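Read the structure below first, then the notes.
The values are calculated or read from the model by the stated rules, or taken from the named source; none is laboratory data. Since the model is a prediction, treat every value here as computed from it, not as a measurement. Glycine also receives a Cβ, built like all others from the backbone with ideal geometry; neighbour counts cover every protein chain displayed. When the accessible area is computed, the model is the full protein with side chains, heavy atoms only, and any ligands, DNA or RNA have been set aside. Shrake-Rupley method; radii C 1.70, N 1.55, O 1.52, S 1.80 Å.
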Amino acid sequence: MERHRESRWGKARVAGLGIVGALAAAALVAGNAAPATAQATYEIEPREPEYLYERTCGYCHGHNIAPIIRGRQLPAAVTAAIVRSGMGAMPAFKPTEITDQELQALTAWLEASEADPEEHGA
Amino acid sequence: MSNGFSRREVMAIGGAIAGTAVMTPLARARMLPAEMDRDVFAGVVRELRAIVGDEWVFADEASTISYRKSGIPDLRGEHIPSGAVAPANVEQVQAILAVANRYKLPLWPISTGKNMGYGMATPASSGQMILDLKRMNKILDFDAELGTILVEPGVTYQQIQDYIDEHDLPYWIDVPTVGPIVSMVGNTLERGVGYTPYGDHFFMQCGMEVVLADGTVLKTGMGSIENGNTWQAFKWGYGPYLDGIFTQSNFGIVTKLGMWMMPKPPAYKPFMVRSAEVEDISAITNVTRPFRMNNLIPNAVMMMGALYQLSMFNRRADIWQEEGPIPTEVIKNLARQNELGMWNTFFALYGTEETIAATEPIIRSAYETVGGEVLTDAELNGNPYFEHNKALMRGGLTLEEKGLVRWWGKSGGAVAFAPVAPAKGSETAGQTNLAIEVMNKWGFDYAPAYVVGSRELHHIIFLMFDKGDDENSAKAEQCMNEMITRFGERGWAAYRSSVSTMDLVAQQYGDANREVNARIKQALDPNHIIAPGKQGIA
């Protein structure tokens with residue numbers, strides 16, 4: 001077990017709501033209501049490479065599930081092709097999910113990126 | 001793309017990479033709709049481009065590559081789309097339907113197309129054009145007093161969590177296994193489940209907008225009341241309740257969906273009950289059932305088999321290099337090394353510190369009576385398997401269960417079978433024995449989870465195989481068919497199905513059921529343009 005604890009459990013990626021203590025400290029719902037109606041507009045483009053990496057790639061890559069892809073100078077065109085086709089166990093990501101423009105920026109950023117020592121490959 | 005590499009270059013490289021042992025030659029071909037010749041199809045594509053713009057129609061082999069990807073066996077190329085079209089709004093959906101009716105073009109709607117274990121974005125039969133709704137991606141309303149949300153199909157759970165964080169709203173999301181990249185609409189329409197007390201997603205759904213095949217826009221429940229403001233507050237409306245017929249269905253295209261959100265509790269405490277033996281599942285189920293019936297445990301109770309858990313973070317070849325399925329003792333030893341039993345039962349308590357402290361001893365003693373070790377953060381903090389379910393049970397976003405897909409190696413491959421039964425221990429014993437018998441016969445490992453939702457028991461079996469090996473894929477297909485058939489003979493049918501077995505499962509629900517569905521289909525979609533074959537409905 002110790003091996004898994006140390007080497008396989010990378011940094012937590014659970015969004016937002018954290019540990020029990022934080023929840024216990026949270027205000028009771030009734031007293032903490034935000035404005036009655038929050039009308040959202042979600043601007044999909046352009047999202048920055050770091051933002052996309054954290055919210056998509058990084059859940060598996062470097063997080064015990066898929067190989068590390070940062071700091072390896074992976075050719076951008078090849079990475080982009082893999083994103084679109086979903087090589088092996090990886091799901092494919094369509095232009096409606098990550099636009100061509102975003103994908104180009106993301107893969108260029110990955111190619112130039114430094115390795116993150118906190119990441120764990122698989 | 002303005003520089004660097006073109007979309008076509010990307011797709012071509014992708015095709016070359018994906019083609020290396022992952023797909024059969026058949027699977028690399030694009031399939032035209034049945035009974036439509038090439039010229040007519042080309043004309044249809046031109047009309048679709050006029051509706052959504054050139055860049056949002058994908059109609060050649062290279063540009064449809066993302067839509068062909070799935071992890072299920074498809075040796076005969078039976079689930080290959082002809083292309084994809086991605087509308088930006090309801091008006092474009094209506095215009096696409098008009099074209100589809102004119103030419104009898106079958107459309108397979110998806111929201112994000114991440115139906116893991118069930119075929120991802122791929123259609124029930126080849127030649128259908130994917131209706132990709134991902135561009136419809138707005139959170140249209142979030143009522144922070146009522147805790148209700150109205151979303152379009154392209155909205156992912158990640159997007160909703162980001163919105164909650166950005167606006168500091170006191171609510172939790174409830175995620176399916178692969179939450180970050182999955183649509184709330186898609187998962188709810190498939191009647192998927194999650195892990196918090198709001199885990200029965202369809203139960204928490206309230207109001208939908210549906211575009212019917214003839215372009216009619218229907219708002220269910222209270223949605224059509226003039227000047228109404230109750231659409232997301234009251235589910236049932238007036239007269240027949242219609243929402244259900246648009247789930248796991250091809251009767252219409254859902255373009256908006258309302259959901260109830262779980263108020264963030266002041267306190268949350270996750271538990272894992274460790275049980276040593278495979279046979280313990282029966283007693284665990286019997287202990288769990290009353291707590292779900294009286295709601296003392298407020299969330300669905302997950303009874304995770306050790307191998308299901310281990311396959312997230314391990315590869316098969318690292319554990320077992322010999323022929324045949326992995327022996328139980330090998331799994332048991334590895335489980336022990338990871339602080340796991342053969343069954344690890346997850347539930348949580350939500351409320352205040354005081355209410356949790358009052359409830360915990362009652363539940364703890366019940367599980368201890370049947371030999372379970374009741375463990376919490378105090379004992380398991382940092383254990384990746386505990387942390388995984390601890391995250392899910394508070395709506396945390398994770399893709400760790402994607403690890404199951406590459407159990408056999410880098411090619412991936414996993415197809416799910418999920419029969420339901422009454423939540424009685426006697427059912428678990430029979431189901432587990434039958435699953436082990438069939439899976440081991442075909443050389444596969446039994447990697448299960450059971451879920452006690454309320455009075456029912458979901459048995460989630462991931463059949464993990466090597467999609468890069470045609471022989472292994474063929475065995476996976478035969479194994480799945482035998483499991484569905486033999487479980488069906490015992491009265492255990494699936495609540496959901498891969499696109500490859502929709503008709504087989506539908507047969508088990510009987511002729512009258514199929515006939516009624518067929519009549520509704522004929523009334524609402526006489527040209528059968530929306531997802532023919534979905535859940536066995538032509």
Hits in the stretch A:74-89 - residues which are of a type in the set (A, V, I, L, M) and either within 7 Å of another protein chain (Cβ to nearest Cβ) or over 14 Å from the mean Cα position of the chain (by Cα) (or both): A:Leu74, A:Ala76, A:Ala77, A:Val78, A:Ala80, A:Ala81, A:Ile82, A:Met87, A:Ala89
Residue within the stretch B:33-42 that is in a loop (DSSP other than H, G, I, E, B), closer than 26 Å to B:Ser473 by Cβ and open to solvent by 10 Å² or more (accessible area, probe 1.4 Å) present: yes
Residue that is among the aliphatic types (A, V, I, L, M) and within 14 Å of chain A (Cβ to nearest Cβ), where the choices are B:Met464, B:Met480, B:Met439, B:Met502: B:Met464
Residue check, B:Thr288 in contact with a Lys or Arg (Cβ under 7 Å, 6 or more places away or on another chain), surrounded by 16 or more Cβ atoms within 10 Å (Cβ to Cβ) and in contact (Cβ under 8 Å) with a residue 24 or more places away in the chain: no
Residue, most open to solvent (accessible area, probe 1.4 Å), within the stretch A:67-101, restricted to residues that are more than 17 Å from B:Ser63 (Cβ to Cβ) and touching a residue at least 40 places away in the same chain (Cβ under 8 Å): A:Arg72
Of the criteria (1) under 22 Å from B:Asp214 (Cβ atoms); (2) out of contact with any helix residue (DSSP H, G or I) (no Cβ under 6 Å at 6 or more places or on another chain), which one B:Ala86 fails: (2)
Identity of the residue in the stretch B:299-341, closer than 21 Å to B:Lys441 by Cβ, in a loop (DSSP other than H, G, I, E, B) and of a type in the set (A, V, I, L, M, F, W, C), that ends up least open to solvent (accessible area, probe 1.4 Å): B:Ile326
Among (1) within 19 Å of B:Tyr268 (Cβ to Cβ); (2) more than 14 Å from chain A (Cβ to nearest Cβ) - the single one B:Phe203 does not satisfy: (1)
Qualifying residues in the stretch B:81-94 (those that are in contact (Cβ under 8 Å) with a residue 24 or more places away in the chain and open to solvent by 10 Å² or more (accessible area, probe 1.4 Å)) - the one farthest from the other protein chains (Cβ to nearest Cβ): B:Gln94
Options B:Lys269, B:Lys256; residue that is open to solvent by 10 Å² or more (accessible area, probe 1.4 Å), under 20 Å from B:Met303 (Cβ atoms), part of a strand (DSSP E or B) and in contact (Cβ under 8 Å) with a residue 40 or more places away in the chain: B:Lys269
Yes/no for A:Ala24 being at pLDDT below 95, touching an Asp or Glu at 6+ places or on another chain (Cβ under 9 Å) and not in a loop (DSSP other than H, G, I, E, B): yes
From the options B:Glu354, B:Glu387, residue that is within 13 Å of chain A (Cβ to nearest Cβ), of a type outside the set (A, V, I, L, M, F, W, C), open to solvent by less than 30 Å² (accessible area, probe 1.4 Å) and without any contact (Cβ under 8 Å) to a residue 24 or more places away in the chain: B:Glu387
Extreme residue, surrounded by the most Cβ atoms within 10 Å (Cβ to Cβ), among residues of the stretch B:154-173 that are assigned to a strand (DSSP E or B) and either at pLDDT below 95 or more than 7 Å from chain A (Cβ to nearest Cβ) (or both): B:Thr156
Residue under evaluation B:Met136, criteria (1) touching a Gly at 6+ places or on another chain (Cβ under 8 Å); (2) under 20 Å from B:Thr196 (Cα atoms); (3) open to solvent by less than 10 Å² (accessible area, probe 1.4 Å), criterion not met: (2)
Condition check for A:Leu110: more than 7 Å from chain B (Cβ to nearest Cβ), farther than 23 Å from B:Thr398 by Cβ and buried (at least 19 other Cβ atoms within 10 Å of the Cβ): no
Enumeration of residues in the stretch B:133-152 that are more than 7 Å from chain A (Cβ to nearest Cβ) and in contact with a Pro (Cβ under 8 Å, 6 or more places away or on another chain): B:Leu133, B:Met136, B:Gly147
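Condition check ((1) closer than 26 Å to B:Ala317 by Cα; (2) among the polar types (S, T, N, Q); (3) assigned to a helix (DSSP H, G or I)) across all residues:
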residue	(1), (2), (3)
B:Asn344	yes, yes, no
B:Ala348	no, no, no
B:Glu354	no, no, yes
B:Ala357	no, no, yes
B:Ala391	no, no, yes
B:Val415	yes, no, no
B:Glu427	no, no, yes
Residue match in the stretch B:95-110 (condition: open to solvent by less than 20 Å² (accessible area, probe 1.4 Å), within 12 Å of chain A (Cβ to nearest Cβ), in contact (Cβ under 8 Å) with a residue 24 or more places away in the chain and touching a Phe, Trp or Tyr at 6+ places or on another chain (Cβ under 7 Å)): no
Scope the stretch B:391-425; condition open to solvent by 10 Å² or more (accessible area, probe 1.4 Å) and among the charged types (D, E, K, R); matching residues: B:Arg394, B:Lys402, B:Arg406, B:Lys410, B:Lys424
Scan of the stretch B:474-499 for residues that are open to solvent by less than 50 Å² (accessible area, probe 1.4 Å) and either in a helix (DSSP H, G or I) or basic (Lys, Arg) (or both), ordered by number: B:Ala474, B:Ala476, B:Glu477, B:Cys479, B:Met480, B:Glu482, B:Met483, B:Ile484, B:Phe487, B:Gly488, B:Arg496, B:Val499
Checklist (1) open to solvent by 30 Å² or more (accessible area, probe 1.4 Å); (2) in contact (Cβ under 8 Å) with a residue 60 or more places away in the chain; (3) not hydroxyl-bearing (Ser, Thr, Tyr) applied to B:Glu379, failing item: (2)
The stretch B:204-251: number of residues that are open to solvent by 10 Å² or more (accessible area, probe 1.4 Å) and among the polar types (S, T, N, Q): 8
Selection status of B:Leu524, open to solvent by less than 20 Å² (accessible area, probe 1.4 Å) and not polar (S, T, N, Q): no
Hits in the stretch B:58-74 (condition: open to solvent by 10 Å² or more (accessible area, probe 1.4 Å) and away from chain A (no Cβ under 11 Å)): B:Ala59, B:Asp60, B:Glu61, B:Pro73, B:Asp74
Qualifying position, being facing chain A (nearest Cβ under 7 Å) and touching a residue at least 40 places away in the same chain (Cβ under 8 Å), among B:Ile181, B:Ile130: B:Ile181
Candidates B:Gly113, B:Gly71, filtered to the one that is on the phi > 0 side of the Ramachandran plot and touching a helix residue (DSSP H, G or I) at 6+ places or on another chain (Cβ under 8 Å): B:Gly113
